[in-house]
1. Which residues, taken from segment 71-90, are outside any helix (DSSP H, G or I) and open to solvent by less than 70 Å² (accessible area, probe 1.4 Å)?
2. Do you know which residues across segment 184-221 are free of Cβ contacts under 8 Å to residues at least 12 places away in the same chain and over 22 Å from CYS103 (Cα atoms)?
3. Yes or no: segment 48-63 includes at least one residue that is polar (S, T, N, Q), farther than 29 Å from SER176 by Cα, in a loop (DSSP other than H, G, I, E, B) and out of contact with any Leu (no Cβ under 7 Å at 6 or more places or on another chain).
4. Output the number of residues of segment 91-129 satisfying the condition of being charged (D, E, K, R) and in a helix (DSSP H, G or I).
5. Would you say VAL134 is modelled with pLDDT of 95 or more, closer than 30 Å to ALA230 by Cβ and in contact with a strand residue (DSSP E or B) (Cβ under 6 Å, 6 or more places away or on another chain)?
6. Say we look at segment 101-136 and pick out the residues that are without any contact (Cβ under 8 Å) to a residue 24 or more places away in the chain and β-branched (Val, Ile, Thr); which of these is least open to solvent (accessible area, probe 1.4 Å)?
7. Output the number of the condition that GLY119 fails; it satisfies all remaining conditions of (1) at pLDDT 95 or above; (2) in contact with a Leu (Cβ under 9 Å, 6 or more places away or on another chain); (3) not acidic (Asp, Glu).
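The values are calculated or read from the model by the stated rules, or taken from the named source; none is laboratory data. In this text the structure is predicted, and so the values were computed from the model without any measurement. Here the Cβ positions follow ideal geometry from the backbone for every residue, glycine too, while neighbour counts run over all protein chains shown. Only protein heavy atoms, including side chains, enter the accessible area calculation; ligands, DNA and RNA are left aside. Shrake-Rupley method; radii C 1.70, N 1.55, O 1.52, S 1.80 Å.
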Amino acid sequence: MDVKTLKIDDQLISARGDETILEAATASGIHIPTLCNLQGVSLWGACRLCLVEVRGSSNLLATCVTPVAEGMVIHTQTKRLKQYRRMIVELLFAEGNHICSVCVSNHHCELQDLAIEMGIDHVRFTYQFPDRSVDISHPQFGVDHNRCVLCTRCIRVCDEIEGAHTWDMAGRGRNSRVITDLNQPWGEAESCTACGKCVNACPTGAIFRRGSTVAEMEHDRSQLEFISTARTRREWVQK
């Protein structure tokens, strides 16, 4: 097996040659924040929260899509990186309509957790207050586009784990949004199997179970991880 030796925050670690920096760091107990990354589905590298500084590179690199290399020297908590990450989270709050106090995922939200981790108690940027819809046409679930951070987790889970590809992305720039079945209301999406995997994949309260009230909805990530690896391990009973 090809093994690489590298340093992350002055900690000497070993990693398989096919691992990403994020995987190697996580396995060694080194925390790197991320939002679009989800175990069991393909890599995306969209949120840019996992950027790090690598000696010899003038660019910041996204750890979730950057493979390890022999002799890498990586810094994950520099002043520059902390400023970048804080700015990204603030921009996500300013660009959408995130009112945590009335959200079904309050206290169970990855975006909220990141804001707390980075000490964000106010947003420096002008709130955009976009006019976004809420689709509750599905008998079991709903999607609130006001809380969507465009991580594409729902798209990847629906395509790669469920195999339905109900979800997709439409629009460009600030008009980008997730859609179901070529922009049909979710309740009319014939490809949807109502499996709920997209609900468990969502990092915020954007996709929710109908009937959920404030701070009531939690996400079961372990279900997705089990399903994604069951075929390889030939283990079909969840422990």
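1. Within segment 71-90, the first condition is being outside any helix (DSSP H, G or I), and the residues that meet it are 71-78.
Result: GLY71, MET72, VAL73, ILE74, HIS75, THR76, THR78.
2. Of segment 184-221, the ones free of Cβ contacts under 8 Å to residues at least 12 places away in the same chain are 184, 190, 211.
Hits for segment 184-221 are GLN184, GLU190.
3. Step one: filter segment 48-63 for residues polar (S, T, N, Q), giving 57-59, 63.
In the following step, the residues that additionally are farther than 29 Å from SER176 by Cα were identified as 57-58.
Among the residues that remain, those that are also in a loop (DSSP other than H, G, I, E, B) are: 57-58.
Going one step further and asking which of them are out of contact with any Leu (no Cβ under 7 Å at 6 or more places or on another chain), we end up with 57-58.
Yes, that holds for at least one residue.
4. Taking segment 91-129 and keeping what is charged (D, E, K, R), we get 95, 110, 113, 117, 121, 124.
Restricting the remaining residues to those that are in a helix (DSSP H, G or I) gives 95, 110, 113, 117.
Of the residues in that region, 4 qualify.
5. Numbers: modelled with pLDDT of 95 or more: yes; closer than 30 Å to ALA230 by Cβ: no; in contact with a strand residue (DSSP E or B) (Cβ under 6 Å, 6 or more places away or on another chain): yes.
Spelling it out, it is not the case that VAL134 is modelled with pLDDT of 95 or more, closer than 30 Å to ALA230 by Cβ and in contact with a strand residue (DSSP E or B) (Cβ under 6 Å, 6 or more places away or on another chain).
6. In this case the residue turns out to be VAL134.
7. Against the list (1) at pLDDT 95 or above; (2) in contact with a Leu (Cβ under 9 Å, 6 or more places away or on another chain); (3) not acidic (Asp, Glu), GLY119 comes up short only on (2).
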